[in-house]
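The structure appears right after this line, and notes come after that.
The values are calculated or read from the model by the stated rules, or taken from the named source; none is laboratory data. In this text, all values refer to a predicted model and were calculated from it rather than measured experimentally. Cβ: placed from backbone, ideal geometry, glycine included. Neighbour counts: every protein chain shown.
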2 protein chains.
Amino acid sequence: MARISIYDSTLRDGAQAQGISYSVEDKLKIVERLDALGIRYIEAGNPGSNPKDLDFFARAGALELKHARLIAFGATRKVGIAVEKDANVQSLLQAGTAAIAIFGKSWDYQVAEILRTTPAENLAMIGDTIRHLKQHGKEVVFDAEHFFDGYKANADYALQTLAAAIDAGADSIVLCDTNGGSFPEEIFDITRKVCARFPNAVVGIHCHNDSEMAVANSIRAVQAGATQVQGTINGLGERCGNANLCSIIPNLQLKLGHECIPADAMRHLTSTARAISEIANVVHNEKAPYVGGHAFAHKGGMHIDAVVKNPVSYEHVDPEAVGNSRRVLMSEVAGRSTLLARINAVDPTLSKDSPETRRIMDKLKELEHEGYQFEAAESSFELVVRKMLGRYTPFFELVEFKVIVSEPTVNEVNSSVIIKVRVGDQEVLTVAEGDGPVNALDRAARKALERLYPALGEIRLTDYKVRVLDSDKASAAKVRVLIESTDGRESWTTIGVSTDIINASWQALVDAMEYKLMRDQEAKRVA
Amino acid sequence: MARISIYDSTLRDGAQAQGISYSVEDKLKIVERLDALGIRYIEAGNPGSNPKDLDFFARAGALELKHARLIAFGATRKVGIAVEKDANVQSLLQAGTAAIAIFGKSWDYQVAEILRTTPAENLAMIGDTIRHLKQHGKEVVFDAEHFFDGYKANADYALQTLAAAIDAGADSIVLCDTNGGSFPEEIFDITRKVCARFPNAVVGIHCHNDSEMAVANSIRAVQAGATQVQGTINGLGERCGNANLCSIIPNLQLKLGHECIPADAMRHLTSTARAISEIANVVHNEKAPYVGGHAFAHKGGMHIDAVVKNPVSYEHVDPEAVGNSRRVLMSEVAGRSTLLARINAVDPTLSKDSPETRRIMDKLKELEHEGYQFEAAESSFELVVRKMLGRYTPFFELVEFKVIVSEPTVNEVNSSVIIKVRVGDQEVLTVAEGDGPVNALDRAARKALERLYPALGEIRLTDYKVRVLDSDKASAAKVRVLIESTDGRESWTTIGVSTDIINASWQALVDAMEYKLMRDQEAKRVA
């Protein structure tokens, strides 16, 4: 079976999804996750339309990636402009990636109506741009926008656009179902014809989910000869989303035998999908095939008996294969081996059968049931493990606080916090103001503690995210707060869960401070 | 093109989804919605496993349905029991429906392992049950459970189970991909063989979405000769859900020319899908093809220019055809034409050169600079436009509020809000508690206003999101709050931005209430 190159566009086409807006930090974290999963290509930004992507590419270039090549994405040169003078093409080169994807029109109707130019000029735009990039030593991916609609309207012209790209040296040509309206058999037939017409070309497929068939369409294209598959994690993307790599990868690899990612990376699929939902700050789709929390959940009593008798009765694949787990009861913890690895980071002597391990698993189950999710908050998880193992002494204790927020605001300071903390037998009472209750709380806590722990002055909060867990309970729903902190050397993420955003924020702030103090203490011990 | 009988199981297989639990009233409302949409069969309950379904069937029998036949669903008789004595079969007859669906095993492995009986007894169970129901004058649908897995394991036996059903008088035989693991081409090939083997049978298809291909699989089965398609509205169902009729119906009818529902009912598809999400009390999937709020939403500036020039550029069908609508989103990359489209929704007389348009553009730029982002908060944007055009009178005014949050928490209620609002010349002072400051604030505001505006009681907050805008400013960074609300008919999203999460939440809450009141006022004006 052909090896398939997986081409991820979570950071580029995925960013077109409603409500998605990545910070540079978010993007770097996602790149690391995708690389660890063994993704071949990561289309990470469009520096021509978004100048801040250049900053990202500068920083991403410093990452040591094991599997992935970063790709900068942009359009062909504009109508009637020399490619050397095209600002967009220049910015693609400035991104400094080894590979570049450019998209061009392949539908004659769009050339006339949208570009308002001639078919010949469009072919020249494709050819010129690719030749220019090849002269700069780049690997070039050509995305043939609207290819299937174009082919249906004027097959000859659509094929000419591919020929122009291949003649100019494109390393792969990608057939795009841009509007997402095509059917599996159309995709199969047209892809097969393209592969027959260009037998030496690397052919890719790029589908959208507007007819809810993007996964099937991608699979059919592979069956017709495509060897590069574009998509996004969790199917993030404009409108109904892009083809969902979390379904395509296991469909191709586990069921059809095409290698897409390293075999031992497959069991990280679920945790990667979840982590990316968290980083993108979107609700993870629990109904998602393979990686959703319900994907292997069994409700009907009859089903459960059958599943217990033999899982093949009601499961199409082994959930462990994709790092997910069967849920026959209300709560079930995922990825025991992952967990054990983290527990061993604190105490290497523990095995999966140690009573301590079991106690931690039970505690974790309980916390997850309450809404904690440690996927993106490993520092808080480490604190939980240390506490459970008796390897932790808190640095301070809260006696009480009172937060007061008033509206209308006077001088932008509308929040005051009175706080009392205890360190050893010493109690400190203090007050601080802020422009918002979390800010006031953060200031008050540090003001109370900084004299005793000057290192807290080094902490800077770099991100603060809030999610509602139980949305049908309106504003009384539980919220999950994730706080990312840095001291300039290291960064760490902590979590809090509560019906009260102040309380949840407080938990995460406390963990952030405790984690910092613990790390410093450890560093001293080692030194 | 063959007419396709749509067979809905939202009330039966859909009820297996996690978190779904219908009341009898819910079920009756859903039946009426499905009938109005022109669905042919409504599988509405399993009286053998759920006795309260008999109550439902008694009441449903009184409904005057125009298009639909109700179906009671259950198993074949049990192993070794005479069909007349089988309590489950009796309860199916008691349901009093004209049509009954029974499921039986078609995988020899399951006959041995799960039923623990002989292949011959399983065939007798199928035949006896169907003959008995036919003797009572029922239309009988036979669901061949695990048919595709069974066929792959032992084609001959799987076909024997269908023959047993047909010989006993089954009106249709339905091929089930119970585990959802099959691929489109397997479904096509096997369905085609079944149709060839039983040329006079009505063949149906029943798919699950565990490989994210249930829609494509259903379409492929129709292309192979199936004329009955089972599924659920919004793809509700166990694990990853059943085949989604909201995608299958327009795919078959608008794209392949198969009549599934009356042509004039198609434009009720979106409102039916939304209503059923509300009745089932699940968050409507806004990314859903055809019926989601994002299905025809356009974000990138380039795309939007093209969509305005000609919708076929980036839309695979006309959104109006399924009762949905085009949405043009605001974003950093959105062009001026986007904005104008939104402004024209409020005042169609304004052009891109009108001074009002310019003022709104400037205001928008200023607000975006402050961190507002209207792409996902169109309702707040509409309020801004109305205010700028002098087409808006606020329904109420905040005089002041004070929020007090204390830790440690007593009885889970740690927040109190004192609020004073003004409506006309009337001032209302009130206080409310909550488990969190936003919850307390929401309660206090409604308590103060609900006597004057009872419609506010209909609002339910369905999502609450917070993002930090300027992460390097730590907890004093600005936060952006997005609140999604619904009144059961419509849903809308509003925004607030502030350094203070309470203040930002307050802005979004106010917009949510104002928007609701404004829409109600407009509806009255039109009526």
Determine whether residue B:6 is in contact with an Asp or Glu (Cβ under 8 Å, 6 or more places away or on another chain) and in a strand (DSSP E or B). no
Can you name every one of the helices (runs of 4 or more DSSP H) wholly within region B:13-108 that holds 3 or more residues which are of a type in the set (Asp, Glu)? B:24-37
Among (1) part of a loop (DSSP other than H, G, I, E, B); (2) crowded, with 24+ Cβ neighbours inside 10 Å, there is one condition residue B:234 misses while meeting the rest; what is its number? (1)
Residues of region A:395-419 satisfying the condition of being within 10 Å of chain B (Cβ to nearest Cβ), part of a strand (DSSP E or B) and of a type outside the set (A, V, I, L, M): A:400, A:401, A:402, A:406, A:407, A:408, A:409, A:414, A:415
Just to be sure before I move on: is residue B:69 in contact (Cβ under 8 Å) with a residue 40 or more places away in the chain and within 29 Å of residue B:5 (Cβ to Cβ) in the structure I sent? yes
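Matching residues to (1) more than 21 Å from residue A:250 (Cα to Cα); (2) within 19 Å of the chain's Cα centre (by Cα):
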| residue | (1), (2) |
| --- | --- |
| A:2 | no, no |
| A:6 | no, yes |
| A:10 | no, yes |
| A:34 | no, yes |
| A:49 | yes, no |
| A:59 | yes, yes |
| A:77 | yes, no |
| A:81 | yes, no |
Anything in region B:420-462 that is under 30 Å from the mean Cα position of the chain (by Cα), part of a strand (DSSP E or B) and of a type in the set (D, E, K, R)? List them, or say none. B:460
Could you tell me which of the residues B:220, B:131, B:197 is crowded, with 24+ Cβ neighbours inside 10 Å, at pLDDT 95 or above and among the basic types (Lys, Arg)? B:220
Tally up the residues in region B:16-43 that are among the aliphatic types (A, V, I, L, M) and in contact (Cβ under 8 Å) with a residue 40 or more places away in the chain, please. 7
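Listed here are the residues, each with its yes/no results for (1) more than 10 Å from every other protein chain (Cβ to nearest Cβ); (2) part of a strand (DSSP E or B).
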| residue | (1), (2) |
| --- | --- |
| B:189 | yes, no |
| B:193 | yes, no |
| B:201 | yes, no |
| B:206 | yes, yes |
| B:212 | no, no |
| B:215 | no, no |
| B:220 | no, no |
| B:225 | yes, no |
| B:229 | yes, yes |
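Inside region B:83-102, can you point out the residues that are under 34 Å from the mean Cα position of the chain (by Cα) and not small (Gly, Ala, Ser)?
B:88, B:89, B:90, B:92, B:93, B:94, B:97, B:100, B:102 - these are the residues of region B:83-102 that are under 34 Å from the mean Cα position of the chain (by Cα) and not small (Gly, Ala, Ser).
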Of all residues being more than 11 Å from chain A (Cβ to nearest Cβ) and modelled with pLDDT under 85 in region B:465-521, which is farthest from residue A:440 (Cα to Cα)? Just the residue, please. B:489
Log entry, pairs with first residue in region B:95-109 being of a type in the set (Asp, Glu), second being part of a loop (DSSP other than H, G, I, E, B), beta carbons closer than 6 Å, six or more apart or on different chains, reads B:108/B:154
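In region B:250-272, how many residues are among the aliphatic types (A, V, I, L, M), within 13 Å of chain A (Cβ to nearest Cβ) and in a helix (DSSP H, G or I)?
Final tally of qualifying residues: 2.
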Can you name every residue in region B:176-187 that is buried (at least 24 other Cβ atoms within 10 Å of the Cβ) and outside any strand (DSSP E or B)? B:178, B:180, B:182, B:184, B:187
Residue B:320: outside the structural domain of residue B:177 (by TED's automatic domain parsing), in contact with a helix residue (DSSP H, G or I) (Cβ under 9 Å, 6 or more places away or on another chain) and either of a type in the set (S, T, N, Q) or within 30 Å of residue A:109 (Cβ to Cβ) (or both), yes or no? yes
Residue under question is residue B:426, and the condition is that it be modelled with pLDDT of 90 or more, surrounded by fewer than 24 Cβ atoms within 10 Å (Cβ to Cβ) and within 30 Å of residue A:463 (Cα to Cα); does it hold? no
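Tally time: how many residues in region A:196-209 are in contact with a strand residue (DSSP E or B) (Cβ under 9 Å, 6 or more places away or on another chain) and farther than 19 Å from residue A:104 by Cα?
Result for region A:196-209: 1.
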If I ask for residues that are touching a strand residue (DSSP E or B) at 6+ places or on another chain (Cβ under 6 Å) and either within 23 Å of residue A:477 (Cβ to Cβ) or at pLDDT below 75 (or both), which ones from region B:446-464 would you list? B:447, B:448, B:459, B:460, B:461, B:462, B:463, B:464
Would you check which residues across region B:240-249 are more than 9 Å from chain A (Cβ to nearest Cβ) and either assigned to a helix (DSSP H, G or I) or surrounded by fewer than 24 Cβ atoms within 10 Å (Cβ to Cβ) (or both) and list them? B:245, B:249
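Do you know which residues across region A:34-52 are within 19 Å of residue A:276 (Cα to Cα) and surrounded by 24 or more Cβ atoms within 10 Å (Cβ to Cβ)?
A:34, A:37, A:39, A:41, A:42, A:43, A:44, A:45
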Looking across region A:478-500 at residues that are within 30 Å of residue B:410 (Cβ to Cβ) and of a type in the set (Val, Ile, Thr), the single one that is surrounded by the fewest Cβ atoms within 10 Å (Cβ to Cβ) is A:497
Filtering region B:109-144 for residues that are part of a helix (DSSP H, G or I) and not aliphatic (A, V, I, L, M) leaves a count of 13
